[in-house]
Amino acid sequence: MIPFISFNTQLETHSEELILAVESVIKSKWYVLGKNLTEFEKNYAKLNCTKFAVGVGSGLDALIISLKALKITKEDEVIVASNSYIASWLSITNVGATIIPVEPDPQTFNLDANKIEEKITNKTKAIMPVHLYGQPCEMDKIMGIAKKHNLYVVEDNAQSHLAKYNNQITGSFGDINATSFYPTKNIGAFGEAGCITTMNKKLSDYVIKYRNYGSSEKYFCDIIGSNSRLDELQAAILNIKLKYIEKWTLERQRLAKKYDQLLSKNYRITVPYIDPRAQHVYHLYVIKVDKRDQLQQFLKEKGIGTAIHYPIPPYLQKAYVHLGYNKGDFPITERLAETSLSLPLYPGLNTESVNYICNSINEFYKN
């Protein structure tokens, strides 16, 4: 059996370090807003080439708080990809703003920068590029549009730790940017965790207050805030994992290259397109195929786990029926939802397994 995702290699290789880190937190008797979080924020800001990083409770919280820091409210509109994971949409809804969906580029799956300007109105306040599956959006064009129209940019960097566009790391372009350390992410915690990055001290200070009940000093609340603090246990675990993320990223890229070699000659399969200006970090390796559901079932029978990201676009979810969108409104998004299949890709997946997966896929289409 080849699972879609496995943490076995990470745990087997680094379990001693991780256990010691957890034990250290337990023995310290300081579990919230302590030295592990301070160290992690410093380390992640350095890794992400930003002045500030602020740990929060989850990736969704990171997006919501980022929008709140920019004072985006019910009077405003935010442009976002129509095919993003629903968390991107939920963050906009949670601050009361209006979601303005834009179709993705069919090659990169990312927000099509050429379609943004036609959606801008006098209510538009921000653009939220989502670096989907590990490939950066076309950030030079997006930042140019934002500057031209005096808009904010909030990057959703949850799937693209260490990805680069024109040699600049994602999560460092926007005014304020959000990421997730959900366990399956390229840098994964052992529970919910998120972070906000920015070059702006004023925005960073707001986030630090907001995540802690709106308080900069205990029992003194400056703003109406929330409780969204990255705890010491998760921070300690993430500090260990940060030491290995570059190595793990190279392994993901090596495995992706192997998939490319074995699948790209099959005309029935479209392997991931890589923007030549981008460095893809392969949070997911997503192919486009006809007969997707039959292929997935065939692979399951062969002992190969796969996943679909994402089978139902946000605008067709029950939660968003009130927006009035219908099937057919975003044909590129729907075609991607019908043809995309995510293959196993994670540190520790061996070449023999990739060979078996690819041989099985090729066998399906040959038959």
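The values are calculated or read from the model by the stated rules, or taken from the named source; none is laboratory data. Note that the structure is a prediction, hence the values are computed from the model and not measured. Neighbour counts run over all protein chains shown; Cβ positions are idealised from the backbone, glycine included.
Below, the figures for the structure above:
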| read-out | value |
| --- | --- |
| Qualifying positions in the stretch 294-340 - under 20 Å from Phe364 (Cα atoms) and either assigned by TED's automatic domain parsing to the domain that holds Thr93 or of a type outside the set (A, V, I, L, M, F, W, C) (or both) | Gln294, Gln296, Gln297, Lys300, Glu301, Lys302, Gly303, Gly305, Thr306, Glu338, Thr339, Ser340 |
| Any hit, the stretch 315-322, residues being among the charged types (D, E, K, R), surrounded by 15 or more Cβ atoms within 10 Å (Cβ to Cβ) and modelled with pLDDT of 95 or more | no |
| Lone qualifier among Tyr165, Tyr206 - being more than 14 Å from the chain's Cα centre (by Cα), more than 20 Å from Leu284 (Cα to Cα) and among the aromatic types (Phe, Trp, Tyr) | Tyr206 |
| Looking only at the stretch 73-84, and only at residues there that are in contact (Cβ under 8 Å) with a residue 40 or more places away in the chain and out of contact with any helix residue (DSSP H, G or I) (no Cβ under 8 Å at 6 or more places or on another chain), the one that is nearest to Met128 (Cα to Cα) | Glu77 |
| Check on Lys288, exposed (fewer than 15 other Cβ atoms within 10 Å of the Cβ), among the charged types (D, E, K, R) and either out of contact with any Phe, Trp or Tyr (no Cβ under 9 Å at 6 or more places or on another chain) or assigned to a strand (DSSP E or B) (or both) | no |
| Residue match in the stretch 252-269 (condition: modelled with pLDDT of 95 or more, in contact with a His (Cβ under 7 Å, 6 or more places away or on another chain) and not in a helix (DSSP H, G or I)) | no |
| Unmet criterion (only one of (1) out of contact with any helix residue (DSSP H, G or I) (no Cβ under 8 Å at 6 or more places or on another chain); (2) closer than 23 Å to Arg252 by Cβ; (3) outside any loop (DSSP other than H, G, I, E, B)) for His14 | (1) |
| Search result, residues across the stretch 97-140 that are under 22 Å from Leu70 (Cβ atoms), touching a residue at least 40 places away in the same chain (Cβ under 8 Å) and part of a strand (DSSP E or B) | Ile99, Pro101, Thr124, Lys125, Ala126, Ile127, Met128, Val130 |
| Residue in the stretch 137-158 that is within 14 Å of the chain's Cα centre (by Cα), buried (at least 24 other Cβ atoms within 10 Å of the Cβ) and of a type in the set (A, V, I, L, M) present | yes |
| In the stretch 14-39, the residues that are among the hydroxyl-bearing types (Ser, Thr, Tyr) and free of Cβ contacts under 8 Å to residues at least 40 places away in the same chain | Ser15, Thr38 |
| Residue satisfying all of: in the stretch 213-251; without any contact (Cβ under 8 Å) to a residue 40 or more places away in the chain and of a type in the set (Ser, Thr, Tyr); surrounded by the most Cβ atoms within 10 Å (Cβ to Cβ) among these | Tyr213 |
| Filtered residue count, the stretch 165-212, keeping only those that are surrounded by fewer than 18 Cβ atoms within 10 Å (Cβ to Cβ), over 30 Å from Tyr346 (Cα atoms) and of a type outside the set (D, E, K, R) | 2 |
